[in-house]
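This report refers to the structure that appears directly beneath it.
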Amino acid sequence: MYKDAMETCSHSGEREHYEELLVYFIVQSAVNMRSAGMESTAELLEKQLSAEISKTTLEEAIALARSLSHHLNLMGIAETHHSGVPPEELYNTVCNQGIEIVLTAHPTQINRRTLQYKHIRIARLLEFNERPDLSHEDREMLIEDLKREVTSLWQTDELRRHKPTPVDEARAGLHIVEQTLWQAVPHYLRRVSAALKKHTGRPLPLTATPIKFGSWMGGDRDGNPNVTSKVTRDVSLLSRWMAVDLYIREVDNLRFELSMNRCSDKLAGLAREILLEESESEDQQRESWDQHPNRSPAKPYGQQSSALPAQLPVAAHLPSCRSGDPHYPILDFPGNRQSGLGSAPESPTKLDNGGAGSQSQDGNSQPCLQNQLSKKNSSVAGHLITQRKLLESQTGRSSFRKLLEPSLHQRPGIASYRVVLGHVKDKLMKTRRRLELLLEDLPCEHDPINDYETADQLLEPLLLCYDSLLSCGSGILADGRLADLIRRVATFGMVLMKLDLRQESGRHAETLDAITKYLDMGVYSEWDEEKKLEFLTRELKGKRPLVPPTIEVASDVKEVLDTFHVAAELGSESLGAYVISMASNASDVLAVELLQKDARLAVSGEIGRPRPGATLRVVPLFETVKDLRSAGSVIRKLLSIDWYREHIIKNHNGHQEVMVGYSDSGKDAGRFTAAWELYKAQEDVVAACNEYGIKVTLFHGRGGSIGRGGGPTYLAIQSQPPGSVMGTLRSTEQGEMVQAKFSIPQTAVRQLEIYTTAVLLATLQPPIPPRKEKWRQIMEEISKTSCTHYRNVVYENPEFISYFQEATPQAELGFLNIGSRPSRRKASVGIGHLRAIPWIFAWTQTRFVLPAWLGVGAGLKDALDKGYQEDLRAMYEEWPFFQSTIDLIEMVLAKADTSITKHYDEVLVSENRRGLGEKLRTELVATEKFILAVGGHDKLSENNKSLKRLIESRLPYLNLMNLLQVEVLRRLRKDSENGKLRDALLITINGIAAGMRNTG
């Protein structure tokens, strides 16, 4: 159906349409001939096509690239659319399950947010089209709607013209919650509860949270100077504001639904207390106004939330768990009233640029209300007089109305639910207003009685309403919208997603250097590990602050100290973990614990009382092969320190969290070696924690592509080492995978169920370890050979970097504006400081996908030459980890195409370096042979028919897009300042990313 829609907008005339069909026919013929083994004929056709493309004008090239890019995106939407335990143990395992999905702002999402929304609407139209009750007329109208959406898509600029700020990235994450997860979570929990009741006889407890959500958007400062302490504060407050705003909407709908009078005595008593307080507040407000004329008046009686809603709430007619409204509600973020950032994407520029009018030159969001407020301040006296007159008028009217109304104890049939929920709404609105003032950097009074600070405070009246309905025999009502709201509060809390902070370990060492130098204690970074641990432990046991308030430090160090200060202010109610990237020693963890403790003491001194809440969890992230190999010993060293072990038991419920990184380990040593080192590191960390009686949660830093630890969620979890998934798991979902998995409520529900099921099985029936010690020995030998070969090519061959830069669009990826952080950690042209995302992204574009397989063939060949064939077959059949590793590499190889990569080399690579490309292509073919031999398959994707169909259906469009990209790159490298050529290249990059279904 979307093909019909595409034809209405992508062709400007019959001749152009005929020419494009002819091109498609040639490409399809080449694909068919290659599948039939007619390589030379296929290559001849592709050369003919390449010659024709080289004759196209720039305008024709851009039009063709746009058409193919949209087609591949729409194909992806269509494909996504079609696509013995005792009961008591099962019940307890599900109820105690602790999964956290952490959304990150890794720059792998190619599409503008405007296009993402349009894709979502198209997906929903496709879903609606499958309804069996649609009449012929309705279906025709639906197709017209679809044509309109595709036409709008065609006429919208695909490219981001400005880099997003960290706050823009955070807003994108919050929109995923609002548009999808808000509907998906209660629906998912209903399904879990129903399944649990069916198998155990008991439903899921109302406040159980098998899955929660975290975020790195606005907290991940590793190598990103744009993420400052102010950004972190603002993003955290914005997240709280959005949570409160969403709760206000739900409470409004609930007040309309719970119209009954019959309730429990406890609820009726609370309702009477609320009404009495409201009726008594009038005189107090007037008296307070006379004594404090500069104070803003509270709402007079009669303006409090009425027991009966004044009008029908926007979504009151919809079921609570409805799978998303195709007309997105407008979320008007504070500080962006003019930018439209919270609105539906009918205004693409506003959505993607973050509102040009609300951005300062340094990229930080500037609240639009500031100007309005400054104008108000100039006439504040007149404003106060007006307010007072208005108050007196309202008070008079409300007093007169009270004379006509019966007294409180005489009122028949008080709608107690509505009174209580009205009070809840009042407190939520006051909380929201306070957050708005904080976001505007304006002074505000904090009244803990009138604000909601924690989820437990909000849950209390909601649970009271729930218990009341149950006691009155209205369980069917209790388990509807009210239960959904309670589950949302339990899952999302008052922040929607707790924000993790991440910083590189070297920045903490630099900060301690500055402190120890200032205190004449020496240079911290020059001390050996034991001296560092002795100093850190001594300071952690002490009660005085370490950092003098008068200390003067460099701006980079000040930013680190400011971040800890903000973390102390926000606390563990708003923030999740503090992740230390490039962690390698126990001192890296204690350094953060000390800086955190010092900041909390400073904040406590400022507010005049101890800082409430626990400290943030400090999570070491082991990324490189060297650090993965020492991960277990680092954890053992930490837990052997009495202070640290007692701290974990007291403040973190005896739970140690450890993060393992897939991206840098893969770039460091190759995919196979990285997988094996990650497996062993997890085993060692689990063993270390078990030795000290400490529970462990492993946090997996997975990307979307196979080279960065991606792949099917279920397969990944089921292949973890035994004991590493004991009911708890944290995992990142990055970039384009957030959109792919959570952009549509039904898809999100399926993903949440996959997580729950996989973790449940891995806990109750842990994956099988290697059956023989010999298997470990074989893995070591394959890994060693694979790593050596990989590093010889990537790091030791002096021609490789130049070949990489010529054969791929790596240098041009920076024009994409897909993330707020730089593509390199440090200014260097080497592979070492290049981030893993552009490294894999570039190879994916050329269909070489080299990082996912390089070295694997050499390792497997060595093992087969040594006579391990039968062992390898047994390992594949019986060991889930080994099987998933081989299957994922086979999946990547199915997407690779040597004929396409050869064309890139012939056109773009210097003649003296083409030999390297030829050697790599020969190795790719050999790797395919060895992978098939180990897996027992005759052809790639033989055991994954659906993947094979997807790839084959995309090839004609994808191959043509690659040929077009080569031609555009050739021209651009001769005319690097040509803006239209650059646009054409970026469009081809978008299209290939859509066709390959991932980027980096």
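Observations
- Electrostatic bookkeeping for Phe535 treats Lys and Arg as +1 and Asp and Glu as -1; over the other residues with beta carbon under 13 Å from its beta carbon, the sum is -4.
- Across every pair of non-identical alpha carbons in region 126-184, the mean reciprocal distance, once inverted, gives a Kirkwood radius of 14.7 Å.
- Cα pair distances exceeding 18 angstrom across region 121-239, given as percent: 72
- Dividing the mean sequence gap of close Cα pairs (under 8 Å, 6+ apart) by how many residues region 911-990 holds gives a relative contact order of 17 percent.
- Distant-in-sequence amide H partners of Ala577 (H built 1.01 Å from N, under 5 Å): Asp500, Leu501
- Calculated from backbone phi, Karplus (6.51, -1.76, 1.60) coupling profile of region 545-552 in Hz, x at Gly/Pro: x, 8, 8, x, x, 8, 5, 10
- For region 498-722, Kirkwood radius (reciprocal of mean inverse C-alpha pair distance, Å): 18.3
- Take every Cα pair under 8 Å whose residues are at least 6 apart in sequence, average their separation, divide by the length of region 854-1000, and the relative contact order is 26 percent.
- Across region 773-996, the convex hull enclosing all Cα atoms gives 138 Å³ per residue.
- Solvent-accessible surface ranking, highest first, for Met141, Met996, Met582, Met38 at 1.4 angstrom: Met141, Met38, Met582, Met996
- Sequence-distant residues sharing a close amide H with Lys772 (under 5 Å, placed H): none
- Solvent exposure of region 498-722 amounts to 37 Å² per residue of accessible area, where only protein heavy atoms count and the probe is 1.4 Å.
- Accessible area of region 498-722 belonging to carbon and sulfur atoms, whole % at 1.4 Å probe: 51
- Heavy-atom accessible surface of region 910-982: percent carbon and sulfur, 1.4 Å: 50
- Between region 611-681 and region 896-951, the Cα center-to-center distance that results, in Å: 36
- 3J(HN,Hα) along region 639-647: 6, 7, 7, 4, 4, 5, 4, 5, 4 Hz, from the Karplus curve 6.51 cos²θ - 1.76 cosθ + 1.60 with θ = phi - 60°, whole Hz, x for Gly and Pro.
- Counting every pair of alpha carbons in region 458-502, the share spaced more than 15 Å apart comes to 47 percent.
- When restricted to Cα atoms, region 572-669 yields an Rg and a Dmax of 15.0, 52 Å, respectively.
- Protein heavy-atom accessible surface, 1.4 Å probe, per residue over region 852-1000: 37 Å².
- In this structure, the amide hydrogen of Gly98, modeled 1.01 Å from its nitrogen in the peptide plane, lies closer than 5 angstrom to those of Thr728, Leu729, counting only residues at least 5 positions away or on a different chain.
- The order of the peptides 451-457, 196-202 by mean Cβ neighbours within 10 Å, most packed first, is 451-457, 196-202.
- When the trypsin sites (Lys or Arg not before Pro) in region 899-940 are filtered for DSSP coil states and for at most 13 other beta-carbon atoms within 10 Å of their beta-carbon, the remaining sites are Lys939.
- Distribution of pairwise C-alpha distances over region 890-1000, 5 Å bins, in %: 2, 11, 17, 18, 20, 15, 9, 5, 2, 1, 0
- Over 19 Å (Cα to Cα) - which of Lys541/Lys597; Lys517/Lys558; Lys543/Lys597; Lys667/Lys929 fall in this group: Lys667/Lys929
The values are calculated or read from the model by the stated rules, or taken from the named source; none is laboratory data. Just so we're clear, the structure is a prediction, and the values are computed from it rather than from any experiment. Because the Cβ atoms are built from the backbone with ideal geometry, glycine has one as well, and the counts that use them run over all protein chains shown. The protein model used for the area step is the full one, side chains on, heavy atoms only, and it has no ligands, DNA or RNA in it. Shrake-Rupley method; radii C 1.70, N 1.55, O 1.52, S 1.80 Å.
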